[in-house]
There are 2 protein chains.
Amino acid sequence: MHPGSLLVQGLATPTTMDIPTAAQPSAELYQTQEQLIPLITSFLENEAHQLFVPSLAIDTAIFSFQNDKLKILLLRFWNTPYYCLPGGFVGKQQTLDEAAYAILRERTGLTTIYLDQFYTSGNLERFGNDALLTKLRELGAAPRPGNWLEQRFVSVCYYALLDEVAFCQTIDPLVFEPEWVDIDKLPEMLYDHAEIAGKALERLQFDLNHKFVGFNLLPEEFTMGELQKIYEAIHQTQLDRASFQRKMLSLGILERLEKKYTGKAHKSPYLYRFNKVPAAAEALAG
Amino acid sequence: MHPGSLLVQGLATPTTMDIPTAAQPSAELYQTQEQLIPLITSFLENEAHQLFVPSLAIDTAIFSFQNDKLKILLLRFWNTPYYCLPGGFVGKQQTLDEAAYAILRERTGLTTIYLDQFYTSGNLERFGNDALLTKLRELGAAPRPGNWLEQRFVSVCYYALLDEVAFCQTIDPLVFEPEWVDIDKLPEMLYDHAEIAGKALERLQFDLNHKFVGFNLLPEEFTMGELQKIYEAIHQTQLDRASFQRKMLSLGILERLEKKYTGKAHKSPYLYRFNKVPAAAEALAG
DNA sequence: CCAAAAGTGTTTTGCATACACCCATGA
DNA sequence: TCATGGGTGTATGCAAAACACTTTTGG
């Protein structure tokens with residue numbers, strides 16, 4: 001295995017979807033700048049062109065729900081105070097969905113993930129002004145003209161919902177350090193990623209009421225209170241408990257299971273599960 | 001002016017947005033196959049690579065409202081029974097919106113158009129199986145390996161609404177013959193364009209109720225009855241006249257003008273205009 | 001028995017629908 | 001004055017919202 005291929009996974013999207021997550025060699029080997037820079041340079045000058053569709057990038061807004069708050073996964077760029085969204089490129093034989101899915105799996109280690117394309121950004125901001133190239137030049141490296149990042153990129157944007165607090169793989173900690181950030185405390189971001197994150201949240205808020213995506217942020221079995229907290233966090237409002245319960249139940253897509261005994265001194269809530277029978281899918285379409 | 005540049009406009013997107021529509025030379029000059037084939041071949045082998053972002057296409061679903069029916073603009077491909085959506089490519093210095101807008105103006109001659117990106121299609125259907133290449137080979141031409149259409153393409157899709165029955169420019173009648181088609185009588189289409197057209201209609205139906213886009217299909221001043229017909233055509237239902245009027249007026253985004261005397265033997269309807277004050281925009285956001 | 005949280009019932013309000021009625025217009 | 005289509009008023013029904021009440025649990 002060519003040593004650069006790990007770097008490819010770190011920087012970008014694997015070209016196939018069946019790379020076993022657990023069996024990957026440790027990225028620690030490439031954590032020093034001295035080792036990284038020539039690998040990155042080689043990637044930008046050679047491998048990237050061979051593996052990926054030119055001009056095309058994927059950015060993902062990955063949401064999860066922790067401590068009653070909606071979080072988004074950001075990557076802090078190379079020891080700067082600037083953040084960006086996890087992203088990657090599209091393998092020459094990959095569909096867009098496959099490429100986005102691969103990025104998700106690479107970053108989170110999870111395989112069951114809700115994923116939805118919501119926007120394609122075609123502005124020219126990054127063209128000739130890439131952060132990674134600038135950083136490399138600061139460090140004395142100079143990838144040749146015509147390298148991968150000197151293209152103009154169009155970015156297809158996805159948002160994703162995680163149903164467990166994902167452990168976040170640090171596949172390339174020196175270049176991109178992952179961090180879960182409160183959705184209402186977004187830091188300064190590179191390129192147009194702040195705008196993309198904003199659009200992702202808008203879309204999530206919208207889909208929540210029209211496609212019932214909320215349960216994707218919870219484990220398979222959940223209480224009504226937990227589901228309500230998701231709605232409140234995403235819409236940043238307070239909801240009436242009784243009305244919320246009736247509304248959810250009236251959709252006919254939740255299945256009531258046995259009670260959950262929490263050990264707390266109050267009535268135990270029922271557990272619910274999303275009902276996957278065809279009838280439920282119908283109810284959501286309208 | 002290089003003769004191929006007209007062809008470029010015919011096949012694809014101009015790279016700038018200020019080509020004067022009226023001053024274009026007639027395309028009649030290039031209407032025979034003998035003249036067209038070498039120009040197309042040269043375009044595919046040379047000019048396209050220089051002008052456009054690789055791997056990226058734009059497809060547009062252009063809607064208008066004629067005789068109380070919703071129509072979509074399709075292009076019949078080179079004397080076959082197959083149709084496709086008007087499309088083009090993205091100039092190296094164009095944003096996606098600019099490229100889509102240029103295609104619209106090129107095909108319709110109009111400059112004020114509602115335009116909304118709704119989907120990016122990344123399947124591999126067209127890869128290695130392009131209709132134009134196949135047709136050229138049937139005709140004995142053989143663009144060299146590595147020509148523009150041998151790439152894998154990702155297509156950014158827009159839908160557009162025209163507020164007048166556009167005259168449809170026949171810039172390349174031999175290759176693509178334009179035709180307004182009833183939305184409920186879609187013919188067989190190339191690539192995944194049938195799917196894209198379907199998604200465009202779904203999106204239009206959805207936006208109609210959430211972003212009040214309907215008035216973009218009408219001239220600036222219109223009667224309530226005309227607006228209602230738009231809604232009925234797009235949703236394929238009958239609506240109550242009284243309820244419709246109250247709902248529209250309650251949105252607070254219509255401005256009532258003077259009456260319109262039609263010459264018909266009945267009460268004359270008021271004319272309305274879309275209200276562009278900021279308050280209206282707020283009303284639409286929710 | 002109490003506090004806390006969950007579940008359910010009841011009232012009210014708002015909105016969409018349906019339908020009725022009146023108005024303006026030109027033949 | 002009549003037919004036609006446009007504008008407005010009114011009754012009805014459904015569903016969401018607000019609030020009250022009951023139930024369950026562990027201390």
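Read through the list (1) open to solvent by 30 Å² or more (accessible area, probe 1.4 Å); (2) outside any loop (DSSP other than H, G, I, E, B), then give the number of the only condition that A:A57 fails.
So A:A57 meets the others, but not (1).
Based on what the data block shows, is A:A265 near DNA strand D (Cβ under 9 Å from one of its atoms), part of a loop (DSSP other than H, G, I, E, B) and open to solvent by 20 Å² or more (accessible area, probe 1.4 Å)?
In short, yes.
Only residues that are open to solvent by 30 Å² or more (accessible area, probe 1.4 Å), at pLDDT 95 or above, more than 15 Å from A:F63 (Cα to Cα) and not in a loop (DSSP other than H, G, I, E, B): list them for the range A:157-215, please.
Hit for the range A:157-215 is A:E195, nothing else.
Any idea which residue in the range A:222-252 is nearest to DNA strand D (Cβ to nearest atom), counting only those that are without any contact (Cβ under 8 Å) to a residue 40 or more places away in the chain and among the aromatic types (F, W, Y)?
A:F244
When you look at A:Y114, is it under 18 Å from A:F89 (Cβ atoms) and open to solvent by 40 Å² or more (accessible area, probe 1.4 Å), yes or no?
No; evaluated as a whole, the condition is false for this residue.
Among the numbered criteria (1) more than 14 Å from chain A (Cβ to nearest Cβ); (2) crowded, with 23+ Cβ neighbours inside 10 Å; (3) touching a strand residue (DSSP E or B) at 6+ places or on another chain (Cβ under 6 Å), which single criterion is violated by B:A100?
Tallying (1) more than 14 Å from chain A (Cβ to nearest Cβ); (2) crowded, with 23+ Cβ neighbours inside 10 Å; (3) touching a strand residue (DSSP E or B) at 6+ places or on another chain (Cβ under 6 Å), B:A100 fails exactly one: (1).
Return yes or no: is A:P219 open to solvent by 50 Å² or more (accessible area, probe 1.4 Å), away from DNA strand C (no atom under 11 Å from the Cβ) and touching a residue at least 12 places away in the same chain (Cβ under 8 Å)?
yes
I need the full set of residues from the range A:124-156 which are within 15 Å of A:I58 (Cα to Cα) and touching a strand residue (DSSP E or B) at 6+ places or on another chain (Cβ under 9 Å), in order please.
Of everything in the range A:124-156, those that are within 15 Å of A:I58 (Cα to Cα) and touching a strand residue (DSSP E or B) at 6+ places or on another chain (Cβ under 9 Å) turn out to be A:R126, A:W148, A:Q151, A:R152, A:F153, A:V154, A:S155, A:V156.
With the structure loaded, tell me whether B:E258 is open to solvent by 30 Å² or more (accessible area, probe 1.4 Å), at pLDDT below 85 and in a strand (DSSP E or B) or whether it fails that test.
Yes, satisfied.
Take the conditions within 12 Å of DNA strand D (Cβ to nearest atom) and either more than 17 Å from the chain's Cα centre (by Cα) or more than 14 Å from chain A (Cβ to nearest Cβ) (or both) and apply them to B:R273. Does it pass?
Taking the combined requirement at face value, the residue does not satisfy it.
Tally time: how many residues in the range A:104-122 are among the hydrophobic types (A, V, I, L, M, F, W, C) and more than 14 Å from chain B (Cβ to nearest Cβ)?
3
Hey, can you tell me all the residues within the range B:83-96 that are in contact (Cβ under 8 Å) with a residue 24 or more places away in the chain and either within 9 Å of another protein chain (Cβ to nearest Cβ) or in contact with an Asp or Glu (Cβ under 6 Å, 6 or more places away or on another chain) (or both)?
B:L85, B:G87, B:V90, B:K92, B:Q93, B:Q94, B:L96, listed by residue number.
I'd like to know if the range B:51-58 contains one or more residues that are without any contact (Cβ under 8 Å) to a residue 24 or more places away in the chain and within 11 Å of another protein chain (Cβ to nearest Cβ).
No, because not a single residue in the range B:51-58 is without any contact (Cβ under 8 Å) to a residue 24 or more places away in the chain and within 11 Å of another protein chain (Cβ to nearest Cβ).
Does at least one position in the range A:240-249 carry a residue that is farther than 26 Å from A:Q117 by Cα, open to solvent by 60 Å² or more (accessible area, probe 1.4 Å) and more than 9 Å from DNA strand C (Cβ to nearest atom)?
yes
The values are calculated or read from the model by the stated rules, or taken from the named source; none is laboratory data. What you are looking at is a predicted structure, and each value in this text was computed from that prediction instead of being measured. Cβ atoms come from the backbone with ideal geometry, glycine included; neighbour counts cover every protein chain shown. Note: areas computed on protein heavy atoms with side chains; ligands, DNA, RNA excluded. Shrake-Rupley method; radii C 1.70, N 1.55, O 1.52, S 1.80 Å.
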